[in-house]
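Data first, discussion second: the structure below is written as structure tokens.
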Amino acid sequence: MFLRNVRVHGMVLSALFALAVTSAAAQSTGTVRGTVIRSGDSEALAGVQITVRGYGVATVTNANGKYLLQRVPAGEQVIVFRWLGYAPLEKTVMVSAETTVDATLDPKPVSLADISVSAVSREPERSVEAPAASTSIEPRVLQNVGATGQVPLALAQAPGVDLAQSGVNDFNINARGFNSSLNRRVLTLLDGRDLAIAFLGAQEWSSIPTSTEDLRGMELVRGPGSALYGANAFAGVINMTTLSPREAQGAKISVSGGELSSFKVDGRAAAVFGEGRWGVRVGGGYGTSDTWTRSRTQVDSVGAGGAYSFSMRNEYAEAVKAADNFVVKAASPEALPLAGQTLAPGTRAPLGKRDPIKTAYGSARLDRYFTSGGVLTGEAGVSQSENETLVTGIGRVQVLKGFKPYGRLAYNSQHLNIFGYANRRETKLPQVSLASGGALLERSTILHAEAQGNTDFLTNGRAIVGASFRQYNVNTDGSLMRPEDDDRHDKVYSAYTQLEYKVGAKVRLVGAARYDKGDLFEGQFSPKAAVVFSPNQNHSFRFTFNKAFQTPNYSEFFLRAAAGKPANFSALEAGLRASALGPALAGVPVGTLFTTSAAVPVMARGNANLGVEKTNGYEIGYKGSLTSRVYVTVDAYKNNIKDFVTDLLPGVNPAFGPWTSPAAVPAQFRPSLEGAVKSNLQAAGQGLAAAGLTRQEDGTTAIVVSYTNAGKVDQKGIDVGIGVQLNDEFRVDGTYSWFDFTVKEASAAGDQLLPNTPSRKGTLTLGYEGARNGFDASISGRFIQSYDWAAGVFMGRIPSAELFSANVGYQITNRYRVFAVGTNIFDQQRYQLYGGAVVGRRILGGLTATF
């Protein structure tokens with residue numbers, strides 16, 4: 001099915017590409033080569049990005065500072081030289097058959113005015129003029145994070161970001177409140193591919209098929225973004241792009257290792273051939289590590305297993321003791337230990353060593369470059385992760401082996417972009433619910449095709465128009481959905497446009513709108529409007545309105561899975577038989593009042609009638625360089641959110657009404673029996689069972705928790721970012737965020753409508769980069785207030801935290817760099833989301849070689 005769907009969509013895309021590329025007219029071309037050095041000491045510079053303005057021709061310098069641009073249009077051209085920490089340089093040259101252009105770059109701190117972003121408007125624009133709150137992650141940060149294999153750490157110092165770590169590779173990224181264990185409010189893209197798992201709609205960060213060292217860029221757009229990106233761009237968009245073969249020419253390998261028995265290796269090689277007409281890039285990596293995640297199979301006691309014997313309360317004890325004055329609630333023991341461990345008889349203490357987390361990926365990309373500037377790209381790859389543990393609404397789930405192949409085909413030019421992709425996910429070994437012991441399977445495919453064009457109009461105007469089609473194929477073999485709901489094929493159709501117009505030199509008006517309609521949700525209209533006032537090139541003020549929506553995931557629509565151990569109602573049945581209702585039960589066999597009274601299943605069930613969650617966002621912002629060495633961003637926002645998809649709750653899904661008596665009970669006694677069952681459960685402190693006791697579609701008794709849409713909230717906040725370049729080498733960056741909310745309409749009974757975010761948080765970073773001596777270093781801190789958390793079965797308080805990270809690197813030569821990276825370097829033991837692991841220190845060291 002996967003290959004057949006790929007073939008069909010590939011034929012359609014190929015036809016579109018053929019129409020696009022046949023317009024690439026041939027013209028006279030030449031070759032430009034040269035050497036780039038640093039001023040002052042004439043040191044060759046590796047990795048300098050070189051482009052031809054107005055064309056897609058680009059390359060980078062090699063380890064000796066040399067470069068080669070092929071198939072450059074003949075005639076007068078502008079050659080642009082850019083690299084982090086150096087002043088951009090442009091040279092106008094007359095290109096002939098063979099042209100030599102050497103360049104000397106001057107070290108210079110990065111200026112906000114020099115940074116461009118693409119994610120805000122889906123087209124490149126100056127960051128200072130973008131009509132939304134956005135952050136572009138610096139290449140040095142991406143380089144340092146690459147050694148850890150933890151992509152989300154690159155966003156740790158961005159303003160307004162909630163970054164909650166639950167394991168080595170299990171992260172939760174959110175912006176502007178109302179977080180959850182499996183966050184879906186921030187859309188995450190890699191080269192245009194949506195990285196979310198089809199069934200859950202969240203990201204598996206352990207299976208990203210690249211190292212951050214191989215990213216050309218990473219941007220975060222905060223605030224609603226459905227006007228251009230559609231569903232689930234609810235609180236923001238993370239947009240990552242990888243290096244093209246032109247930009248990655250040569251070979252690179254990076255090896256790192258350290259605490260938690262960590263080892264990681266990444267490599268890539270790229271070349272341009274066929275007189276510059278073709279480019280190829282291949283890459284891959286492998287990593288292994290122990291984990292902070294612990295088995296929780298005991299009842300609040302530590303047994304003979306020593307360090308491996310934890311209940312949740314004991315696991316959290318030190319984290320709470322060192323921070324805030326509150327008590328961790330007792331948690332039910334889990335049915336299974338982590339992979340690799342067994343349970344001691346009687347004590348249920350986990351014995352043995354946990355299996356390590358393993359990750360691996362590989363990819364290959366082929367580009368065809370056209371003289372007109374267009375690029376045709378074909379790419380395929382695969383990633384695999386083993387033994388990572390995820391925190392979900394029904395408890396923790398361990399992914400024993402997840403396999404994710406993908407393919408991508410794209411044509412990109414100045415005014416036309418067409419692309420399509422296929423994402424696949426297979427559980428090669430079952431995922432296991434640690435709480436219930438159930439084996440969970442998933443085979444899913446996402447097929448996506450999209451076309452986007454842009455054009456200028458009326459001198460100062462620009463229009464962007466696009467349309468997309470997506471199909472989800474999901475099959476869980478009945479492990480997560482009923483057979484009649486399973487093996488699904490659901491489609492989504494979308495169209496969008498953005499118009500922008502400059503009124504004079506200082507005012508930019510932006511309007512956008514998108515319409516999405518799918519098999520599982522009603523049509524949604526998402527408008528956007530913005531006014532950007534730029535008194536000069538270094539400052540801008542903006543006002544923005546956005547509307548966005550988030551669709552329920554397949555779990556929320558169709559889930560059928562055990563939510564815990566079965567309940568034993570044998571004593572309740574015996575009590576009822578001994579009461580005045582005993583004669584009414586004469587026709588009901590003993591032990592079957594609740595179908596199987598000794599084992600009444602506790603089930604998590606989806607709600608097929610859920611609607612989308614909606615938000616209206618209002619923002620005002622300022623971004624600017626106060627001086628050549630000081631920049632400031634300030635963003636204030638207010639959002640109106642309604643129709644939240646609640647946590648799993650009893651009695652909220654009309655499909656599962658109150659429990660009814662067996663047919664053998666005489667009709668006149670049924671109301672009394674049903675009332676007695678409910679009152680006895682409530683008297684015994686089993687409120688969940690009393691509210692959730694029901695009958696499933698087949699008539700069997702179960703305790704069911706499900707979802708509904710409920711609640712209305714106003715949220716508001718301020719995000720501030722400040723950067724100061726103290727001199728050419730030292731820089732200080734800081735952020736501060738304040739958040740508040742008001743519940744305007746109560747959620748469903750029993751649901752805790754909490755934002756799951758601190759009211760105040762901040763970051764502070766001191767960085768050093770010696771362009772001439774080869775050293776770079778930084779130390780950063782994240783400061784988080786204590787706050788309450790409620791998501792699924794996990795409800796409690798998150799301790800305050802002051803988490804410090806550091807890195808240092810030395811460029812021995814243009815080819816070799818040694819480095820050390822440390823996260824939580826003072827080993828402050830904290831759990832960062834309730835139900836997640838207590839995270840400690842991890843220090844790694846390594847070597848990167850470039851050829």
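Taking amide H as placed 1.01 Å from N in the peptide plane, Asp102 has its amide H under 5 Å from the amide H of Thr35, each at least 5 places away in sequence or on another chain.
Out of every Cα pair in the stretch 761-851, what percent are spaced more than 15 Å from each other? Of the Cα pairs, 67 percent sit more than 15 Å apart. Per residue, the chain exposes 38 Å² of solvent-accessible protein surface, assessed with a 1.4 angstrom probe and all protein chains in place.
Note on the chain: with neighbouring protein chains present and a 1.4 Å probe, carbon and sulfur make up 58 percent of its accessible heavy-atom surface.
Distance between the 7 Å Cα→Cβ label points at Lys491 and Ser261: 5.0 nm.
Remind me, relative contact order of the chain in percent, using alpha carbon pairs under 8 angstrom and six or more residues apart? Working shown, then result.
On the way: 2380 pairs, mean separation 98.9, N = 851.
Here the relative contact order equals 12 percent.
Taking Cα atoms only, the orientation of helix 670-683 departs from the longest principal axis of the chain by about 70 degrees.
Go ahead and estimate [θ] at 222 nm for the chain from helices alone: -39,500 (n - 2.57) per DSSP H run with n ≥ 4, summed, over the residue count, rounded to 500. Intermediate results must be reported in sequence, preceding the final value.
On the way: 8 runs with 75 residues, N = 851.
Taking each H run of at least 4 residues, the total per residue is -2500 deg cm²/dmol.
The fraction of Cα-Cα pairs per 10 angstrom bin, counted from 0 for the stretch 179-319, comes to 10, 25, 26, 25, 11, 3, 1 percent, rounded to whole percents.
With the dipole of the chain worked out from charges on the C-beta (+1 for Lys and Arg, -1 for Asp and Glu) around the Cα centre, which of Ala248, Thr660, Val328 lies farthest toward the positive end? Working it through, the farthest residue towards the positive pole turns out to be Ala248.
Computed over the stretch 568-670, the quotient of the alpha carbon radius of gyration and 2.2 N^0.38 Å is 2.17.
In the stretch 688-746 the Cα-Cα distances spread across 10 Å bins starting at 0 as 16, 19, 17, 17, 14, 10, 6, 1 percent of all pairs. Considering only the other residues whose Cβ falls under 12 Å of the Cβ of Ala790, what net charge follows from Lys and Arg at +1 and Asp and Glu at -1? In short, -1. The solvent-accessible area of Asp324, taken with every protein chain present and a 1.4 Å probe, is close to 40 Å².
Karplus-derived 3J(HN,Hα) values for the stretch 268-280, using 6.51 cos²θ - 1.76 cosθ + 1.60 with θ = phi - 60°, are 8, 9, 8, 8, 10, 8, x, 6, x, 7, 10, x, 9 Hz; glycine and proline are entered as x. Residues with amide H under 5 Å of Ala599's amide H, sequence separation 5 or more or different chain, H placed in the peptide plane at 1.01 Å from N; which? For Ala599, the qualifying residues are Phe569. Ordering Met94, Met481 by accessible surface, largest first, gives Met94, Met481; the 1.4 Å probe counts only protein heavy atoms, with every chain in place. Remark: accessible surface ordering of Leu409, Leu833 (largest first) is Leu409, Leu833, probe radius 1.4 Å.
Across all C-alpha atoms in the stretch 455-535, the radius of gyration and Dmax reach 19.9, 61 Å.
Taking all protein chains together and a 1.4 Å probe, the residues Glu90, Glu204, Glu129 rank Glu90, Glu129, Glu204 from largest to smallest accessible area.
Taking R0 as 60 Å, what's the FRET efficiency between Met795 and Ser96 from their Cβ-Cβ distance, rounded to 0.05? Could you put the intermediate results ahead of the total?
Values: r = 71 Å, r/R0 = 1.19.
Rounded to the nearest 0.05, the efficiency is 0.25.
Annotation for the stretch 525-591 versus the stretch 451-488: alpha-carbon center distance of 25 Å. Shown here: the stretch 595-641, whose C-alpha atoms stretch 74, 23, 13 Å along the first, second and third principal axes, sorted largest to smallest.
Site pair Ile812 and Ile718 shows an inter-label distance of 5.0 nm when each label is modelled 7 Å from Cα along Cα→Cβ. State the Cα centre-to-centre distance between the stretch 385-448 and the stretch 754-782 in whole Å. Each part's Cα centre sits 31 Å from the other's.
Using a probe of 1.4 Å on the protein chains alone, the accessible area found for Ile37 is around 50 Å². For Phe730 and Ser679, a Förster radius of 60 Å and the Cβ-Cβ distance give a FRET efficiency of 0.30, rounded to the nearest 0.05.
Note on Trp278: accessible area is roughly 90 Å² with a 1.4 Å probe, heavy atoms of protein only.
Note on the chain: antiparallel DSSP beta bridges, both residues inside, total approximately 95 percent of the bridges counted. Normalised by 2.2 N^0.38 Å, with N the number of residues, the alpha-carbon radius of gyration of the stretch 347-418 equals 1.84. Computed extension gain for Val507 through Thr627, at 0.36 nm per residue and net of the alpha carbon distance, reaches 41.0 nm. Computed from backbone phi with θ = phi - 60° and the Karplus coefficients 6.51, -1.76 and 1.60, the 3J(HN,Hα) list for the stretch 395-408 is x, 7, 10, 9, 8, 5, 7, x, 10, 9, x, 8, x, 9 Hz; x is used for glycine and proline. Modelled spin-label separation between Leu499 and Ala749, with each label point placed 7 Å from Cα along the Cα-to-Cβ direction: 5.1 nm. The angle between the Cα long axis of helix 2-21 and the longest principal axis of the Cα atoms of the chain comes to about 30 degrees, rounded to the nearest 10. Applying the Karplus relation 6.51 cos²θ - 1.76 cosθ + 1.60 with θ = phi - 60° to the stretch 244-251 yields 3J(HN,Hα) values of 6, x, 4, 7, 10, 4, x, 10 Hz, where x marks Gly and Pro.
Simple rule: put +1 on each Lys or Arg Cβ and -1 on each Asp or Glu Cβ in the stretch 176-330, find the dipole, and look at Ser311, Ser262, Ala202; the Cα lying farthest toward the positive end is Ala202.
The charge dipole of the chain, taken about its Cα centre with unit charges on the Cβ atoms of Lys, Arg (+1), Asp and Glu (-1) only, comes to about 280 debye.
The values are calculated or read from the model by the stated rules, or taken from the named source; none is laboratory data. Bear in mind the structure is a predicted one, so any value in this text is a computation, not a measurement. Glycine gets a Cβ as well: all are built from the backbone with ideal geometry, and neighbour counts include every protein chain shown. In case anyone asks, the SASA skips ligands and DNA or RNA and just uses the protein heavy atoms, side chains included. Shrake-Rupley method; radii C 1.70, N 1.55, O 1.52, S 1.80 Å.
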